[in-house]
Each structure stands twice: as C-alpha cells, then as structure tokens.
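Student: Sharing a structure below in structure tokens format, with a few things to ask.
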Amino acid sequence: MARRGPRWYFSFRSPYSWMAYRDLVDHHPDVAERIDWLPFWEPDEPALDELERSNITLPYVPMSKEKHLYILQDVRRLARARQLEMVWPVDPAPRWAVSHLAYLAARRLGAGREFIAETYRTRWERGEDISSPDTMRKIGETIGLDPELLAGAHEDAGIRELGMEALNSLHRDGVFGVPFFICGFDKYWGVDRLPDFIERVAPSA
C-alpha cells in the first residue's frame, strides 16, 4: 500500500473539530494547504448495513449525560480562550450524513474548503441545523454551488459511494474521534494535539 501524506479527520458535529479548524486555518494556513482533509461522521442505517456486510465496525460510542455536561463547560472555556464567538446549536433530528456527504459533493466540484468554512459558520456561529437539506441549499447558494446537488447529496448513489470510501478510510486509519491528525506513523487526537502535529508536518512553521 502506498504511503499516505499528512491528513486530519474533521467533523461538523464536533465543537473541538471546529476549534481545531479555526486554529489550523487562522494560524497555520500553509500547513492547512499541505494536508488532506477527511470527514468523520456517524453513518446512517444504509451505510451501517453496508459496513456490516464488509465486517467493518466503527468505534462510535454514544455520549453519556455526564460527558455532555462536561463538554458544554469545556467548550465554552476553550472558545473564550480563543476569543471565538459561538452559538451552541440544537439538533432536533440529527442526520450527520446530510452535511458530510454534501461536503464530499462540494469537494468533487473543487469547493470542499469553501463548503467546510460555510458549514462551520452555519453550525457553530449561527446555531443552524446542518442536518436539514434546506440548510445545505442555503450553503450552496452562498458558495455558488448547485443548491439541489448539496441538498440531495445524502441520497445520491455516486456520493454515497464516496461516503463509503471515506468511512473505510477512517476505519483503516483507526480513527476513533475528532479532531484526529496523522503524519506518517504518528497519530494525534484532540485539539490540544494540533501543535504537535504542526511541528511534525512543518518543523519550521
């Protein structure tokens, strides 16, 4: 198997991933351009069925109430330290495939980074529901992509195939949470490990 370059796994769901994204693009844009950006999300039922047929089990564990309450406090603290204004979103009916498969559609059209930026703003700065296809339509209008393509990406057979490739990638890499950074054989989990990853990728950065 060919050796893969430095990469990071991100999720639109995770506030820690959002903060790692901001740290990366705000303070290390040169490194951001040199690494591969790969999505991590909890798959929907059709994807789970296909993964099961391939004998692949992703290491996702539902969050306890205690951990959720801790994260609420921790994220506020970390956001204040970064002087980031954030809104905690409400997810009435989470469907993480909607936004992450829309990202894969945008990436195929050469606008993956623009989609990421707008989706993070939509969720963590405006508190909007990114599980809604209507929200994907608005993002498409904002960044100049076909709104219907993004809204329906989670139902498109070709995009879902790309999604399975992405889920297989995180399985092969042993990714169990986000943000997750990899360079060579070294792995780094968590926003507080980003400086170590930066140093590994670009020692003089």
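Student: Ranking request for peptides 13-22, 95-104: highest mean number of other beta-carbon atoms within 10 Å first, then the rest in descending order.
Tutor: Numbers: 13-22: 22.2, 95-104: 24.4.
Averaged packing, sorted descending, gives the order 95-104, 13-22.
Student: With +1 on the Cβ of every Lys and Arg and -1 on the Cβ of every Asp and Glu, and nothing else charged, how large is the dipole of the chain about its Cα centre, in debye rounded to the nearest 20?
Tutor: Dipole about the Cα centre, nearest 20: 640 debye.
Student: Would you work out which of M164, G190, F115 lies farthest towards the positive end of the dipole of the chain, given +1 charges on the beta-carbon of Lys and Arg and -1 on that of Asp and Glu, about the Cα centre?
Tutor: Selected residue: G190.
Student: When all C-alpha to C-alpha distances in the chain are sorted into bins of 5 Å, what percent of pairs does each bin hold, rounded to whole numbers?
Tutor: Taking every Cα pair in the chain, the percentages come to 1, 7, 15, 19, 21, 18, 12, 5, 1, 0.
Student: Hull surface divided by four, with the convex hull built on the Cα atoms of the range 12-108: how many nm²?
Tutor: Working: hull surface 32.9 nm².
Over all viewing directions, the range 12-108 projects a mean Cα-hull area of 8.2 nm².
Student: Note down, for the range 120-205, the three equivalent ellipsoid semi-axes (square root of 5 times each alpha carbon gyration tensor eigenvalue), biggest first, whole angstrom.
Tutor: Calculated on Cα positions only, the semi-axes equal 30, 18, 12 Å.
Student: Would you be so kind as to identify which of V90, L104, I71 lies farthest towards the positive end of the dipole of the chain, taking Lys and Arg as +1 and Asp and Glu as -1 on Cβ and the Cα centre as origin?
Tutor: I71
Student: Per DSSP H run of n ≥ 4, the term is -39500 (n - 2.57); total these for the chain, divide by its residue number, and report the mean residue ellipticity at 222 nm rounded to 500 deg cm²/dmol.
Tutor: Helices in the chain give a 222 nm mean residue ellipticity of -15500 deg cm²/dmol.
Student: Same structure, new question: Assuming R0 = 30 Å, what is the FRET efficiency of E45 and E199, from their Cβ-Cβ distance, to the nearest 0.05?
Tutor: On the way: r = 41 Å, r/R0 = 1.36.
Approximately 0.15, to the nearest 0.05.
Student: How many percent of all Cα-Cα pairs in the range 74-188 sit more than 18 Å apart?
Tutor: 57 percent
Student: Say each of F185 and I56 gets a label point 7 Å from the Cα, pointing the same way as Cα to Cβ; how far apart are those two points in nm?
Tutor: 2.5 nm
Student: Here's a follow-up. When the dipole is taken about the Cα centre of the range 1-111, and only Lys, Arg (+1) and Asp, Glu (-1) are charged at their Cβ, what size is it in debye, to the nearest 20?
Tutor: It comes to approximately 320 debye.
Student: At 0.36 nm per residue, and after removing the present C-alpha to C-alpha distance, how many nm does the segment from S64 to V25 gain when stretched out fully?
Tutor: Contour length minus the Cα-Cα distance gives 10.9 nm.
Student: Sticking with this one: Kyte-Doolittle mean at least -0.5 and Cα extent at least 20 Å along the axis: which DSSP H helices of the chain qualify?
Tutor: Numbers: long enough: 65-81 (24 Å, -0.74); 157-172 (22 Å, -0.18).
Span-like helices in the chain: 157-172.
No lab work stands behind these numbers, since they all come straight from the coordinates. Since we're looking at a predicted model, the values are computed, not measured. Virtual Cβ from ideal backbone geometry, glycine too; neighbours counted across all protein chains shown.
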